[in-house]
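Participant: Structure in structure tokens, see below.
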Amino acid sequence: MDLGYLKKESRSELQKTLEPLNPRILDPYLQKIWRSTKKIMCGRFAQFSPVSLLKEAFDVRVVKCDPVQSYNVAPSQDVLAVVYSGERILTKFFWGILPRIGKKETKPPLLINARFETVAEKPSFREAYRFRRCLIPADGFYEWKKAGSIKEPWFFKVQSNLPFAFAGIWEKRREKEEPIRLTFAIITTEATGPFSEIHNRMPVILDKKTYENWLDPDENDPKRIKEIIQGGSISGINGYPVSRRINSVSNNDPSCIAPLDLSAKL
């Protein structure tokens with residue numbers, strides 16, 4: 001497997017972790033992050049397509065993990081990701097990058113999103129943006145619409161109903177005495193179209209024709225990378241309300257994406 005384009009340290013860690021990662025039952029700190037994701041864009045999504053479909057949709061040649069269907073993916077979980085190293089590889093990354101800058105006496109929050117407008121400048125993201133980009137396969141994502149004093153969950157997917165890809169960046173991080181892990185964040189941008197009625201931000205969804213350039217290790221000029229996103233993003237998505245069962249990460253089954261009201265759509 002050719003990982004020559006990566007820095008020595010990153011290359012070594014990627015080789016070590018392109019094997020199944022053991023899911024962790026979270027400590028109270030990460031449980032708090034899970035509960036707070038209803039306030040974040042993008043903080044929950046679904047990833048349930050079978051491997052056969054993912055291989056076809058993303059031209060994956062090597063599978064280095066044990067994919068598990070999830071209808072309620074949340075931060076601090078191990079999530080399927082596509083990286084390029086001579087060929088496209090399906091692996092798993094931990095959702096949430098630890099910031100480079102933070103108070104040593106406190107546990108810094110996980111950075112699950114990176115703003116498109118500033119990702120090339122932020123210390124926690126800028127190197128990954130240039131050298132470590134990935135595709136995050138998804139079948140849809142959730143957002144909460146304010147309705148009076150409550151927030152109603154909605155599920156959004158692309159018009160083709162096929163799996164699509166969020167623009168992701170990955171980074172290696174170590175916290176205290178824990179082993180180094182590979183982590184990722186999803187890039188978000190200003191919401192457009194009907195979705196702006198729900199939230200002012202949305203995840204960057206890449207057009208299939210953009211995958212090759214996005215994963216290309218030789219594309220490391222921030223201006224050029226910005227052009228890739230600007231010229232190859234999808235904004236056409238459909239959404240409908242779903243059950244509040246999605247509010248709890250312990251609920252993870254097809255009923256999470258079942259339409260609650262067919263007459264209410266975006």
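Participant: Quick test for you: out of Ala138, Ala147, pick the one residue that is within 18 Å of Asp78 (Cβ to Cβ), out of contact with any helix residue (DSSP H, G or I) (no Cβ under 9 Å at 6 or more places or on another chain) and of a type in the set (A, V, I, L, M).
Facilitator: Result of the check over Ala138, Ala147: Ala138.
Participant: Further, regarding this structure: Kindly check whether there is at least one residue in the stretch 40-62 that is modelled with pLDDT under 50 and loosely packed, with under 13 Cβ neighbours inside 10 Å.
Facilitator: no
Participant: Given the criterion closer than 21 Å to Glu178 by Cα, of a type outside the set (A, V, I, L, M) and either surrounded by fewer than 20 Cβ atoms within 10 Å (Cβ to Cβ) or modelled with pLDDT of 50 or more (or both), identify the matching residue among Ser85, Ser36, Ser76.
Facilitator: Going through Ser85, Ser36, Ser76 in turn, the sole match is Ser76.
Participant: Ok, one more. In this structure, is Asp261 of a type in the set (Asp, Glu), under 20 Å from the mean Cα position of the chain (by Cα) and within 23 Å of Ser70 (Cα to Cα)?
Facilitator: Judged against the criteria, Asp261 is not a match.
Participant: Where residues in the stretch 92-107 are out of contact with any Asp or Glu (no Cβ under 8 Å at 6 or more places or on another chain) and either under 12 Å from Arg174 (Cα atoms) or surrounded by 22 or more Cβ atoms within 10 Å (Cβ to Cβ) (or both), which of them is modelled with the lowest pLDDT?
Facilitator: The extreme case among them is Arg100.
Participant: Within the stretch 244-263, can you find the residues that are within 21 Å of Gln159 (Cα to Cα) and either surrounded by fewer than 18 Cβ atoms within 10 Å (Cβ to Cβ) or touching a Ser or Thr at 6+ places or on another chain (Cβ under 6 Å) (or both)?
Facilitator: Pro254, Ser255, Ala258, Pro259, Leu260, Asp261, Leu262, Ser263
Participant: Being touching a residue at least 24 places away in the same chain (Cβ under 8 Å) and of a type outside the set (A, V, I, L, M) is the filter; apply it to the stretch 175-186 and report the residue that is nearest to Phe94 (Cα to Cα).
Facilitator: Thr183
Participant: Pairs under 8 Å by beta carbon, first residue under 30 Å from Thr210 (Cα atoms) in the stretch 234-249, partner of a type in the set (Ser, Thr, Tyr) and outside any strand (DSSP E or B), six or more apart or different chains?
Facilitator: Short answer, once both residue conditions are applied: Ser235/Thr192.
The values are calculated or read from the model by the stated rules, or taken from the named source; none is laboratory data. What you are looking at is a predicted structure, and each value in this text was computed from that prediction instead of being measured. Heads up, the Cβs are rebuilt from the backbone with ideal geometry, glycines too, and the neighbour counts pull from every protein chain shown.
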